[in-house]
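Here is the structure we will look at.
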Amino acid sequence: MIAKRVSCVVGARPNFMKVAPVYLALQRRGVDVRLVHTGQHYDAKMSTIFFDDLGMPRPDAFLGVGSGSHAEQTAKIMVLFEQECLTWRPDLVLVAGDVNSTIACALVASKLGIAVGHIEAGLRSRDWAMPEEINRILTDHASDLLLTPSPDADENLAAEGFEPWRIHFVGNCMIDSLRTHQQRAVSLQPWREFGLEPKQYAVATLHRPSNVDEPAQLARLVQSLGQVGAQLPVLFPVHPRTAARIAEAGLQVPSSVRLVEPMGYLQFLGMMAEAAVVATDSGGIQEETTALGVPCLTLRANTERPVTIAQGSNVLLGTDPALLAPAVAEVLAGRGKRGLVPDRWDGKASERIADLVTGGFRTLLEASVA
Ligand code: UD1
């Protein structure tokens, strides 16, 4: 089929920078494209600012689902997105990444007989305790177009028995956004607002339930950030989940660690680009630091993005916070990893997706009646 009406779904913060370049590429090709925001993230700093920073128009539809348990949130998105699809009748729905909005909308569309494309298909952490792993595996199964960012994703899908015609190695859409905005983000010199100098500070982010929902682990992490702070200033933009857990646990954060509100896309990109080192448990930041050649220390037991370790600037530290300060000392001694930029992280992934959407692709429905 050739898709003429395409719904692009965004829901949570990591979706915006993946979907924006695809939406804009489709629009440039004259596709009738509709931006649907589920409202999974709704704070100005978790959502609205990204539309401005990424040059995306306001959503055509805002479902306003908000927070809730996984079942509540997923179910609410499904009910409202079904109505949205029945009204606007897209012939392709594009979802991105691994958040609850991704699986909810993929499931709705596939049951309505609408083709589904999954941006960032095929990634696997092999950690079934992560809600994101469940989301990404189930979304892949509901998708006609498996749009992969790296060859390991193609290998995962092939090993799981996905038909080769569904798998399309397009590259990394998030890096399309990064390359478009990198120069401007750095020229804004966001570090000045915090009295910092380029290459002389660390950036930290933490929000994974496995790190922040367990008070003892969170306390150890905060303590280890303090040890990093003894080496160089640490800027820590705090996700709402993490802010709530720090407050609940009554944790005192050492003064060398500067806690700030979540940052917009441009401000955070500028900070990351000129950081000496980044410590994180995010998925996307492992990739962005690899594209920027900035050493990244990942505080997780596993990663669904192994190309950032095999080729990029990422080191998987594990979950013991005591490992962080010595690893930062290594980086500051000049032994940080800089790595290489992986294949097809070249700013053109969205154009490859637009080629597929407008050039024609096979769907599961077509294949099943054939
Ligand atoms: C979600 C994604 C995660 C992604 C992260 C990025 C799932 C399962 N998880 O996790 O993969 O890395 O987004 O941020 O989809 N909250 C606010 N304001 C908001 C949004 C959330 O205050 O705009 C608070 C609420 O208290 C909410 C909590 O943060 O309960 C968690 O939000 P939720 O959307 O459930 O998941 P995230 O932890 O953000």
Task: Selected residue [part of a loop (DSSP other than H, G, I, E, B), of a type in the set (Lys, Arg), open to solvent by 40 Å² or more (accessible area, probe 1.4 Å) and in contact with a Lys or Arg (Cβ under 9 Å, 6 or more places away or on another chain)] from ARG362, ARG352 - done: ARG362
Task: Cβ pairs under 6 Å, 6+ apart, first in the stretch 39-58 and in the same structural domain as GLN27 (by TED's automatic domain parsing), second among the small types (Gly, Ala, Ser) and more than 10 Å from the ligand (Cβ to nearest atom) - done: GLY39/GLY64; ILE49/GLY264; ASP53/GLY264; LEU54/ALA20; MET56/ALA20
Task: Candidates GLU330, GLU288 - the one that is outside the structural domain of GLU120 (by TED's automatic domain parsing), over 17 Å from the mean Cα position of the chain (by Cα) and closer than 22 Å to LEU225 by Cβ - done: GLU330
- [ ] Six or more apart or on different chains, Cβ under 8 Å: which pairs go from a residue in the stretch 128-146 that's not assigned by TED's automatic domain parsing to the domain that holds LEU157 to one that's within 10 Å of the ligand (Cβ to nearest atom) and assigned to a loop (DSSP other than H, G, I, E, B)? Could you list them?
- [x] none
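For the structure I just gave you, tell me whether CYS105 is buried (at least 24 other Cβ atoms within 10 Å of the Cβ), away from the ligand (no atom under 16 Å from the Cβ) and modelled with pLDDT of 95 or more. Before you say what the answer is, go through the steps one by one.
Working: buried (at least 24 other Cβ atoms within 10 Å of the Cβ): yes; away from the ligand (no atom under 16 Å from the Cβ): no; modelled with pLDDT of 95 or more: yes.
In short, no.
A quick yes/no check of all residues on (1) under 25 Å from GLN217 (Cα atoms); (2) surrounded by 24 or more Cβ atoms within 10 Å (Cβ to Cβ); (3) among the small types (Gly, Ala, Ser):
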position: GLN252; (1), (2), (3): yes, no, no
position: SER256; (1), (2), (3): yes, no, yes
position: PRO262; (1), (2), (3): yes, no, no
position: PHE268; (1), (2), (3): no, no, no
Open item on the list: Filter the stretch 252-270 down to the residues that are touching a helix residue (DSSP H, G or I) at 6+ places or on another chain (Cβ under 7 Å) and at pLDDT below 95 and list them by number.
Closed with: VAL253, PRO254, SER256
TODO: With a cut-off of at least 3 residues that are away from the ligand (no atom under 16 Å from the Cβ) and over 24 Å from ASP52 (Cα atoms), name the helices (runs of 4 or more DSSP H) lying wholly within the stretch 182-280.
DONE: 215-229
Open item on the list: Just to verify a result, which residue in the stretch 3-26, among those that are of a type in the set (Lys, Arg) and within 16 Å of the ligand (Cβ to nearest atom), is surrounded by the most Cβ atoms within 10 Å (Cβ to Cβ)?
Closed with: LYS18
Task: Residues located in the stretch 308-343, provided they are open to solvent by 60 Å² or more (accessible area, probe 1.4 Å) and either in contact with a Pro (Cβ under 8 Å, 6 or more places away or on another chain) or of a type in the set (S, T, N, Q) (or both) - done: GLN311, THR319, LYS337, ARG338, ASP343
Open item on the list: Looking at the stretch 61-79, can you tell me whether even one residue there is buried (at least 20 other Cβ atoms within 10 Å of the Cβ), touching a His at 6+ places or on another chain (Cβ under 6 Å) and not charged (D, E, K, R)?
Closed with: no
- [ ] Please find, among GLN223, GLN231, the residue that is modelled with pLDDT of 95 or more, in contact with a strand residue (DSSP E or B) (Cβ under 9 Å, 6 or more places away or on another chain) and either open to solvent by 30 Å² or more (accessible area, probe 1.4 Å) or under 23 Å from LYS45 (Cα atoms) (or both).
- [x] GLN231
Task: Checklist (1) farther than 19 Å from MET1 by Cβ; (2) in contact with a strand residue (DSSP E or B) (Cβ under 9 Å, 6 or more places away or on another chain) applied to LEU147, failing item - done: (1)
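The values are calculated or read from the model by the stated rules, or taken from the named source; none is laboratory data. Since we're looking at a predicted model, the values are computed, not measured. Neighbour counts run over all protein chains shown; Cβ positions are idealised from the backbone, glycine included. Calculation scope for accessible area: heavy atoms of the full protein, side chains included, ligands and nucleic acids excluded. Shrake-Rupley method; radii C 1.70, N 1.55, O 1.52, S 1.80 Å.
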